[in-house]
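Have a look at this one before I ask anything.
The values are calculated or read from the model by the stated rules, or taken from the named source; none is laboratory data. All figures in this text were calculated on a predicted structure; none of them were measured in a lab. Note that we place each Cβ from the backbone using ideal geometry, even for glycine, and neighbour counts take in every protein chain shown. Surface areas here come from the heavy atoms of the whole protein model, side chains and all, with no ligands, DNA or RNA. Shrake-Rupley method; radii C 1.70, N 1.55, O 1.52, S 1.80 Å.
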Amino acid sequence: MSNTLKTQLAFSVIALLLIIIGLVQSWNVSLGILNLCLISAVMALGVNMQWGYAGLLNVGVMGFAALGGMSAVLVSQAPVAEAWQASWGRLLIAALCFAATIAASIICYRILAAGRNRNLALALVIIGGLALTRFFFDPAVTAIESIEPAKTGFLGGMGLPIIFSWGFGGIVAAGIAWCIGKVALGLRADYLAIATLGISEIILAVLKNEDWLTRGVKNVTGLSRPVPYEIDLQTTTWFIDFIRWWHSGALGVLNEAEQPPALKQFVIDGSSIFVKLCYTGLFAGVLVVILLLSVKALNSPWGRMMRAIRDNEIAAGAMGKDVTRRHLQIFIIGSAVIGVAGAMLTTLDGQFTPTSYQPLRFTFLIWVMVIVGGSGNNMGSVLGGFLIWLVWIEAEPIGVWLMAFGTGWLDESNVIRIHLIENAQHMRLFFMGLVLLLVLRFSPGGILPEVVRKQGS
Amino acid sequence: MSFLSGENMVGGYGGADILKGCSIDVNEGEIAVIVGPNGAGKSTAMRALLGMLDLKQGSVQFRGKDISSLSPQDRIAKGIAFVPQTSNVFTSMTVFENLEMGAFLRNDDISETVEQIYELFPILAEKKDQLAGELSGGQRQQVAVGRALMSQPAVLMLDEPTAGVSPIVMDELFDRILEVRQTGVAILMVEQNARQALDIADQGFVLVIGENRHTDTGAALLADPEVRRSFLGG
Amino acid sequence: MEAITDFVSAIVLLLNFIVVPGLSYGSQLALGALGITLVFGILRFANFAHGDTMAFGTMMTILVTWWLQSKGINLGPLPTALLALPAGIAATILLLVVTDKTVYRYYRHSKAVPVTFMIASMGVMFMTNGIVRFVIGPNDQRFLDGERFIVSARNFKSMTGLSEGLSIKVSQGLTIVVAIVLVALLFWFLQKTRTGKAMRAYSDNEDLALLSGVDPDRVVLVTWIITAILATIAGTLYGLDKSFKPFTYLQLLLPMFAAAIVGGIGNPIGAIAGGYVIAFSEVMVTYAYKKVFVYLLPQSLEPQGLLQLLSTDYKFAVSFVILVLVLLVRPTGILRGKVL
């Protein structure tokens, strides 16, 4: 079967599944899943750039997604003026000290000859510099966090529309990716994997503990939205008129007394679906733009070179390609895409909760998407993102249902039955692992394998 | 009747055929040397005898039996030992442990063989508790040959044993190889240093692009003007 | 006189808050890192499922412990879990051997690249994690019984008359003793037995080991068995010392990898050294030294702050920073392992 046909078929199946969910469960659920599918697809595209194009194993997806989430806070929240007032002087000095420390250590590294003396000098400069920085920084943090800790207790953000955070999240993720890439990309795949695993844990630790920056585990809730609020829609005339027109058939058969409450219910339901559709539009827009760009990039000379490097690093290096530099580029770009998706996710949630970032959900699940969808194939990653997210979400009710059905012969109060039903949700991890292993073994290219162009075409 | 022989071997590592119908054989208590220009398939021919590549045609006989279908491990168990050109010692193990690993398939007492090896390569007795990775290139080659001899093989195959060692060490190694022959082991060896190798060889094979070009005794090949001109640099 | 008491008190403080916890945590990490390094040395891939293997082994041990406890069987002052360990180990061996037969063997025989093994190990990680959560749930489980302390802080104070107490938990003492015994056994096995030597040879030079007649399937099987033993014991000791929660075992992956790499991956001694380096760094960097200096310095020089280099929440950062430093300065690790 050709890839195009498979693509069409696969996406038709997904559309069908979403429609079935819409009919059986509700359209609200269906659209909710679709929105997360879109975000997952963007994340999977990012990972696919790193792994599929360049063979880089990034096991720190969670960290980059969380950076995107942080950006949503930093962009959209209003700045906390008092906190700035109480701390800006010390913050400025601390920032200068920090910059000076970095500059001094770079100078140290450049001027002194390699050896014990340089290591000693570097250690002294760094420890001394950090101590000095903290001398100014710690009181500043205390000052910031003491201002209305129950409500703010952090510096706040820039007070811009949250949609800007999608770009900002990409930039922040790219910046951190540059730092990691500089250190870990010269080494082999295994080290990069472990290094990225580490950095993502550190990013999470920072987000959870630096209250002055993100309020830490106190969370930031009530983020602004790029789309209307349901409650506003419900009182907007054009929207009510629209709903009345949409449901005119159903409303027409009711008598006058029944109409207003029925309409109200329709408006409430409709507003929530309308909001979700707005998100769907925005996310789909981002996905399409990134997808088009990556398809274009993959088929450009740059993309061909990337794949040449992936397939034979040594030969490409011998041909004068700067392998590490190319790897750094793609690592940064891929991480930026993950950052964008992370910001989108936090925007959709409307809140930033650092504890919600779990490696199994944010790193390894995305990997399953890429591998199952087809590494190296952009459409494959999108498909993987849709399919795996759907399965991930629906596996829970189906698992519970299966367990209930399978243990139907046991008594309602049977301990084993209760345990099985209660813990059925965890079986989806098992199931995901199984899917990953089966695809890896029997169809290593994924559902939509990479299209290998024949020479001369 | 030759001891180990490969006849009319054709094959390669999956791509184009490297061996295009070459025949190699070695007799009991003799030294056979394979020489030839780079890319002639010398090492490949040896690996074919050991079963490390699939032959499309031809057969390998050992002690009059066809062993073409046996795996390398099975051939080793039958009494063929092989010393690869590179990475031929366990660098993180002591010299003695290297020798022990050579006798891995034996279940009898190995101390006597170890003594024989120490007699043959006295330096190994001296350094027996040192890590093989810490030895010099020539010493490592001795460990490698010693390890191979520990299985008490009937045929010892050496892939360029003198690659990368100094001329003095090379002479010493060749002397040792002659001593090994005295013990009745058949030796098959691939060599870059064709002149010196043919000098100690009973039988010589000159391979060119996967085929036998000249086959004769070592002395005769050294005397052959064409061989001298083409392969020995005059 | 008072100066001496103060000095001793400072030492006791350091012993109590750095040396004892560092030793026991280090032993747990070392045993975990040994499993990672063995798998790397023999099968040549970084095993992401190792943390969950530990969780699985610990879970099985816990289940058997509960069963024993319900039957009224215990070990007196020692935790009942010790009695349940063999069963836990057996189950884990079964798990790993089945995983190898169904997952890794195929890639080994088709000579797949290490990255494929790594991704496969992620799949295994998912499945094991799913099983653990399904059976025992995602929450904290306590299974420690018997005596709690070898030396309790109160007894120590009344014995010595010092104002600082030193406490050594049974689980800590047990961890250190078991780790020493286990490591000694492992080294005896690797250095002295035929199979152990075959494993070392295989890890050192696979082709030459095959040429010497080493059976690769047997070496791999033994490796998984040893890994299962180490992982179950390490996990159980960690669970006794802290508590059992599936998620924390996943998080142990990073310090364990760091320990294995810092020591020189593929090198068993390196894994042990790495375990202690990581553990002591974590404990030392996150300890607040104020009290120590209060004892040591005259009153006028008493420090103001807590003198804590990093908050305990950043202990992952410590292992990571050490890891990065070692990768930059000496990629083969302190004790020269393989370069990945």
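Among C:LEU174, C:LEU254, C:LEU327, which one shows the biggest mean-square fluctuation in a GNM of chain C, springs joining Cα atoms closer than 10 Å?
C:LEU327
Of A:LEU112, A:GLY89, A:ALA99, whose Cα points farthest to the positive end of the dipole of segment A:80-155 (charges on the beta-carbon: +1 Lys, Arg; -1 Asp, Glu; origin at the Cα centre)?
A:LEU112
Summing +1 for each Lys or Arg and -1 for each Asp or Glu, what net charge is found among the other residues whose Cβ lies under 15 Å from the Cβ of A:ILE93? Before the final figure, lay out each step's value.
Numbers: positive: A:ARG90, A:ARG134; negative: A:ASP138.
Here the count lands on +1.
Still on this model: Could you derive backbone 3J(HN,Hα) for segment B:25-35 from the dihedral phi with the Karplus parameters 6.51, -1.76 and 1.60 (θ = phi - 60°), listing whole Hz in sequence and x where the residue is Gly or Pro?
Listing the rounded values in order: 8, 9, 9, 4, x, 10, 10, 10, 10, 9, 10 Hz.
Counting partner chain Cβ atoms within 10 Å of every residue's Cβ in C:309-320, what's the average? Walk me through the numbers on the way to the answer.
On the way: counts 4, 1, 3, 1, 8, 5, 2, 8, 7, 1, 3, 9.
Shielding by partners across C:309-320 averages 4.
Heavy atoms only, probe 1.4 angstrom, no DNA, RNA or ligands counted: give me A:TRP409, A:TRP84, A:TRP392 ranked by accessible area, highest first. Before the final figure, lay out the partial values.
Working: A:TRP409 200, A:TRP84 110, A:TRP392 20 Å².
Listed by decreasing accessible area, they come as A:TRP409, A:TRP84, A:TRP392.
Here's a follow-up. At 1.4 Å probe radius, can you tell me the per residue accessible area of segment A:80-155 in Å²?
Numbers: 4960 Å² over 76 residues.
On a per-residue basis, segment A:80-155 sits at 65 Å².
Would you work out what percent of the accessible area of chain B, with all protein chains in place, is carbon or sulfur (probe 1.4 Å)?
Numbers: 4560 of 10000 Å².
Answer for chain B: carbon and sulfur cover 46 percent of the accessible area.
Rounded to the nearest 20 debye, what is the charge dipole size of segment A:80-155 about its Cα centre when +1 sits on each Lys and Arg Cβ and -1 on each Asp and Glu Cβ? Working shown, then result.
Working: 6 positive and 4 negative charges, 101 e Å.
I would put it at about 480 debye.
I've got another one for you. Ignore the peptide's own chain and count Cβ atoms of other chains within 10 Å of each Cβ in C:200-210; give me the average, rounded.
Rounded to a whole number, the mean comes out at 6.
Given a 1.4 angstrom probe, what's the average accessible area per residue across segment A:240-343, in square angstrom?
Result: 54 Å² of accessible area for each residue.
I need the Debye-formula profile for segment B:101-201: one equal scatterer per C-alpha, no solvent, reported as log10 I(q)/I(0) at q = 0.16, 0.21, 0.23, 0.24 1/Å, two decimals.
Log-scaled intensity ratios, in q order: -0.68, -1.18, -1.39, -1.49.
Also, quick follow-up: Of A:CYS179, A:CYS97, A:CYS37, which has the most accessible area and how do the rest follow, probe 1.4 Å?
On the way: A:CYS179 70, A:CYS97 20, A:CYS37 0 Å².
Correct descending sequence by accessible area is A:CYS179, A:CYS97, A:CYS37.
Considering chain C as a Gaussian network with a 10 Å cut-off on Cα pairs, which listed residue, C:THR195, C:THR223, C:THR232, attains the greatest mean-square fluctuation?
C:THR195
Shifting gears a bit: Check each residue of segment A:352-396 and keep those whose accessible area, probe 1.4 Å, is at least 20 Å² smaller with all protein chains in place than in the chain alone; give them in order of residue number.
Checking the loss per residue gives A:GLN358, A:PRO359, A:LEU360, A:PHE364, A:TRP367.
To continue, here is another question. If I fit a long axis through the Cα atoms of helix C:2-14 and take the longest principal axis of the Cα atoms of chain C, what angle between them do I get, 0 to 90°, rounded to 10?
Between the helix axis and the principal axis of chain C, the angle is about 20 degrees.
Oh, and also: Using the Karplus curve 6.51 cos²θ - 1.76 cosθ + 1.60 with θ = phi - 60°, work out ³J(HN,Hα) for each residue of segment C:234-241 in order, rounded to whole Hz, and write x for Gly and Pro.
4, x, 5, 4, 4, x, 5, 6
Using the heavy atoms of the protein chains and a 1.4 angstrom probe, tell me the accessible area per residue for chain C in square angstrom.
Numbers: 13320 Å² over 340 residues.
Here the per-residue accessible area is 39 Å².
Now for a separate question. For the protein assembly as shown, just list the percent of Cα-Cα distances falling in each 20 Å bin from zero outward, please.
11, 34, 34, 16, 4, 0, 0
Under 17 Å from a label point 7 Å along Cα→Cβ of C:SER163: give me every residue in segment C:1-31 with its amide N that close.
C:1-14
Cα axis of helix B:137-149 to longest principal axis of chain B: angle in degrees, 0 to 90, nearest 10?
90
Sticking with this one: As a test of the formula, what do you get for chain A when each DSSP H run with n ≥ 4 contributes -39,500 (n - 2.57) and the sum is divided by the residue count, at 222 nm and rounded to the nearest 500 deg cm²/dmol? If you can, show how the numbers build up before the last one.
Details: 19 runs with 333 residues, N = 457.
It lands at -24500 deg cm²/dmol.
Keeping the other protein chains in place, figure out the carbon and sulfur percent of the accessible area of chain C, with a 1.4 Å probe. Write out the running numbers ahead of the final one.
Working: 8930 of 13320 Å².
Solvent-exposed carbon and sulfur of chain C make up 67 percent of the total.
Could I ask something else about it? In percent, what relative contact order does chain B have, based on Cα pairs under 8 Å that are 6 or more apart in sequence? Display every interim value, and only then the final one.
On the way: 468 pairs, mean separation 65.8, N = 234.
Once normalised by length, the contact order is 28 percent.
Continuing with the same structure: Considering chain B as a Gaussian network with a 10 Å cut-off on Cα pairs, which listed residue, B:PHE104, B:PHE174, B:PHE62, attains the greatest mean-square fluctuation?
B:PHE104
Roughly speaking, to the nearest percent, how much of chain A's 1.4 Å accessible area is carbon and sulfur? Walk me through the numbers on the way to the answer.
Working: 14730 of 21480 Å².
Heavy-atom surface of chain A belonging to carbon and sulfur, 1.4 Å probe: 69 percent.
Hey, another quick one. Using protein heavy atoms only (no ligands, DNA or RNA), what is the total accessible area buried between A and C, 1.4 Å probe, nearest 100 Å²? Working shown, then result.
Working: alone 23610 and 16350 Å², together 35650 Å².
It comes to approximately 4300 Å² buried between A and C.
Which whole-number percent is the relative contact order of segment A:80-155 (Cα, under 8 Å, 6+ apart)?
It comes to 51 percent, rounded to a whole number.
If you don't mind, there's one more thing I want to ask. Using a 10 Å cut-off on Cβ to Cβ distances, tally the other chain neighbours for every residue of C:111-122 and report the average as a whole number.
Numbers: counts 0, 2, 2, 3, 8, 3, 1, 6, 12, 5, 1, 14.
Partner Cβ neighbours, averaged per residue: 5.
Still on this structure: In segment A:184-201, which residues give up 10 Å² or more of accessible area once the other protein chains are added, compared with their chain alone (1.4 Å probe)?
Residues of segment A:184-201 that lose at least 10 Å² of accessible area once the other chains are added: A:LEU187, A:ARG188, A:ALA189, A:ASP190, A:TYR191, A:ALA193, A:ILE194, A:ALA195, A:LEU197, A:GLY198, A:ILE199, A:GLU201.
I want to check the label-to-label distance for C:LEU185 and A:HIS419. Put each point 7 Å from Cα in the C-beta direction and report it in nm to one decimal.
Spacing of the two 7 Å Cα→Cβ label points: 2.9 nm.
What does the buried accessible surface come to for C and B, summed over both chains, with the probe at 1.4 Å? Round to 100 Å².
Details: alone 16350 and 10760 Å², together 25500 Å².
Using a 1.4 Å probe, the pair buries roughly 1600 Å².
Follow-up question, since we're still on this one. Heads up, I need the accessible area for A:TRP166: 1.4 angstrom probe, whole protein in place, Å², nearest 10.
Per-residue accessible area (A:TRP166): approximately 20 Å².
Taking Cα atoms, how many degrees apart are the long axis of helix A:259-298 and the longest axis of chain A, rounded to 10 and kept between 0 and 90?
For helix A:259-298, the angle is close to 40 degrees.
For segment C:2-329, calculate the relative contact order in percent as a whole number, restricting contacts to Cα pairs under 8 Å that are 6 or more residues apart. Can you show the working numbers first?
Values: 495 pairs, mean separation 107.3, N = 328.
Worked out over segment C:2-329, it gives 33 percent.
I want the local charge near A:SER165. Using Cβ-Cβ distances under 15 Å, sum +1 for each Lys or Arg and -1 for each Asp or Glu among the other residues.
Residues close to A:SER165 contribute a combined charge of 0.
Could you compute the net charge surrounding B:SER2? Neighbours are other residues with a C-beta less than 11 Å from the C-beta of B:SER2; K and R count +1, D and E count -1. Intermediate values should be presented prior to the final figure.
Numbers: positive: B:ARG63; negative: B:GLU7, B:ASP25, B:GLU28, B:GLU30.
Neighbourhood net charge equals -3.
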